[in-house]
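The structure under discussion appears below in the form of structure tokens.
The values are calculated or read from the model by the stated rules, or taken from the named source; none is laboratory data. Since this is a predicted model, take the numbers as computed values, not measurements. Because the Cβ atoms are built from the backbone with ideal geometry, glycine has one as well, and the counts that use them run over all protein chains shown.
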Amino acid sequence: MSEIKNQSTHWADIMADRIIREKGDKECYTCASRITPSGTVHIGNFREIITVELVVRALREKGKNVRFIYSWDDYDVFRKVPKNMPNPELLSTYLRKPITLVPDTTERAENYARANEIAVEKILPTVGVFPEYLYQAERYRSNKYVEGIKTALEKRDEIRAILNEYRTEPLPENWWPVSVFSSFTDKDTTTVTGWDGGYMLTYHDDELDKEETIDIRTTPNTKLPWRIDWPMRWNEENVDFEPGGKDHLTEGGSYDTSKNVVKVFGGEAPVSMRYDFIKLKGMGGKISSSGGEVADLYDVLAIYPPEIVRYLFVGTRPNSEFAISFDLDVLKIYEDYDNCERIYFGILPVKEQRKEKEDRIYELSQVDGSKIPTEAGYQIPFRHLCNLLQIFNGDEEKVFSRLEGITESQKERLRVRMQCAKNWLRDYAPEDFKFALSSESDALVELADNEKKAVQDFAGYIESYLDNMSEKEFSNYIYQAAGDNGLESGDFFRVVYMVLIGKEKGPKLANFVKSIGSETILPILRRYC
């Protein structure tokens, strides 16, 4: 590991140093993340897991052994039917039941929760995230936490006192630190009415007006509520680091209560850090999986290669809000990443302090930290790549033929970008960004005599000079074709765009013509000769 990495000022390295300092030298550090698969696991949820992954990577690069766990809180209650789910009427009949008991109406998996879990587990390796998955429904239903539940019951008054410190209204005397899913209805619409001081718990089914006494060692009905469940699991898994959203890490939030409740279980709170929410460009407010109107990791990877997806999070401090853009800001994000890469490979000279910062961002942005590229990607602006793909109707090999000096390794990476560019052009690009070259079947544009003569002269200049001149040199002939035929340059540009793509505006003309090439452009122009 380089000296630069040891002294890195990147937030992931700083957090790794803090964990080691506060938790001491350990044989293994446990870093944790968690999410309830109550709906589509969106890109806002991904911020937590990539934050943990980056800290895990930083710890491992310091020679530490790390356990990276990702808990699926799939024993949580099904509270709301997301808008984007089929057969919502059926799903509504499962409200208040554990989400693992809810059917998957998309027919992708054995239950609703598992369908959402599988979707994430399949895509995370694409961005270099490989956690150990823990399924809380299985752990609760197999009674793994029975002693933790018993401890919560024994320390009921102590836990209530802790929670009351952060409440405007105190919890009632008959409050219990455990919830029960009814064995009659599977719902949590129950009230605990008694406990024998050991393992026997009595509850009342509030819907059916029935009462039952269960043994928490042998029945799968009991679960701790969130502010008790979270610290219980910190103790159970010996968690050293777990971040939280700003709603959890605000003063008096669940982290504040949990760091005190965990002491009841004989443990201590992990090191934490707050991460802010993510917006989608053009959409206000916090992303919500239960609402159904979300962008997930699949949506983002359709527009950005894995290393740029990582770059968005690596290059932004977790406590800073930012937007995932699907509009024209896509062009800037690609350029920002390419600048970072140019700095890393010394193509773009910068001051040493900035180079160290950008180098670390580039390294952490790579999907496999042990396999950093040995050369920069082919440095083609995303706008130009989009233009080439439209010029050649998406034919990647023809695009490659227009790129000088591209290596096989660069081709492999550029193919991913090409697919992202195609997806963006299809789904998000503004209409004035899109075009298609005219074909023989298209009607001719009506031109005045001097306009047609200018197009004919322009075709002659292309045939004679285009392939042997630079873009700047050839641009003189564009103005000459216009001036010799009494046309203002702007009017002639409009004519050429109409002839080539049927629009009055288009990409920068000299570059556009150079990109098309004489072989492709001459048959279009000669229709007017």
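Residues of the stretch 393-424 that are in contact (Cβ under 8 Å) with a residue 24 or more places away in the chain, over 24 Å from Gly346 (Cα atoms) and not in a helix (DSSP H, G or I): Asn393, Gly394, Arg402. Scanning the stretch 469-490 for residues that are at negative phi, surrounded by fewer than 19 Cβ atoms within 10 Å (Cβ to Cβ) and not in a helix (DSSP H, G or I) yields a total of 4.
Look at Thr40 and say whether it is at pLDDT below 95, assigned by TED's automatic domain parsing to the domain that holds Asp13, among the hydroxyl-bearing types (Ser, Thr, Tyr) and within 26 Å of the chain's Cα centre (by Cα). Yes; evaluated as a whole, the condition is true for this residue. Any residue at all in the stretch 199-215 that is in contact (Cβ under 8 Å) with a residue 60 or more places away in the chain and of a type in the set (D, E, K, R)? Scanning the stretch 199-215, I find no residue that is in contact (Cβ under 8 Å) with a residue 60 or more places away in the chain and of a type in the set (D, E, K, R), so the answer is no.
Please enumerate the residues belonging to the stretch 161-200 that are of a type in the set (Gly, Ala, Ser) and exposed (fewer than 14 other Cβ atoms within 10 Å of the Cβ).
Taking the stretch 161-200 first, the residues of a type in the set (Gly, Ala, Ser) are 161, 179, 182-183, 194, 197-198.
Within the stretch 161-200, Ala161, Gly194, Gly197, Gly198 qualify.
In summary, Gly63 fulfils each of the numbered conditions (1) more than 25 Å from the chain's Cα centre (by Cα); (2) in contact (Cβ under 8 Å) with a residue 40 or more places away in the chain; (3) closer than 21 Å to Phe181 by Cα with the single exception of condition (3).
Keeping to the stretch 138-180, report how many residues are out of contact with any Leu (no Cβ under 9 Å at 6 or more places or on another chain) and closer than 18 Å to Thr36 by Cβ. The total comes to 3. In a residue-by-residue description of the stretch 257-271, the property of being in a strand (DSSP E or B), of a type outside the set (Val, Ile, Thr), at pLDDT 95 or above and crowded, with 18+ Cβ neighbours inside 10 Å applies to no position. Of the residues making up the stretch 279-295, not a single one is of a type outside the set (Ser, Thr, Tyr) and at pLDDT 90 or above. Taken over the stretch 416-462, the criterion of being surrounded by 14 or more Cβ atoms within 10 Å (Cβ to Cβ), over 26 Å from Ala481 (Cα atoms) and charged (D, E, K, R) is satisfied by Arg417, Lys422.
Among residues that are under 39 Å from the mean Cα position of the chain (by Cα), closer than 23 Å to Arg233 by Cβ, at pLDDT below 95 and not assigned by TED's automatic domain parsing to the domain that holds Pro98, Tyr166 is included. Taking the stretch 300-359 as the range and being among the polar types (S, T, N, Q) and within 30 Å of Glu242 (Cβ to Cβ) as the test, the residues that pass are Thr316, Asn319, Ser320, Ser325. Checked against (1) in contact with a Phe, Trp or Tyr (Cβ under 8 Å, 6 or more places away or on another chain); (2) part of a helix (DSSP H, G or I); (3) surrounded by 20 or more Cβ atoms within 10 Å (Cβ to Cβ), Tyr70 meets all criteria but (2).
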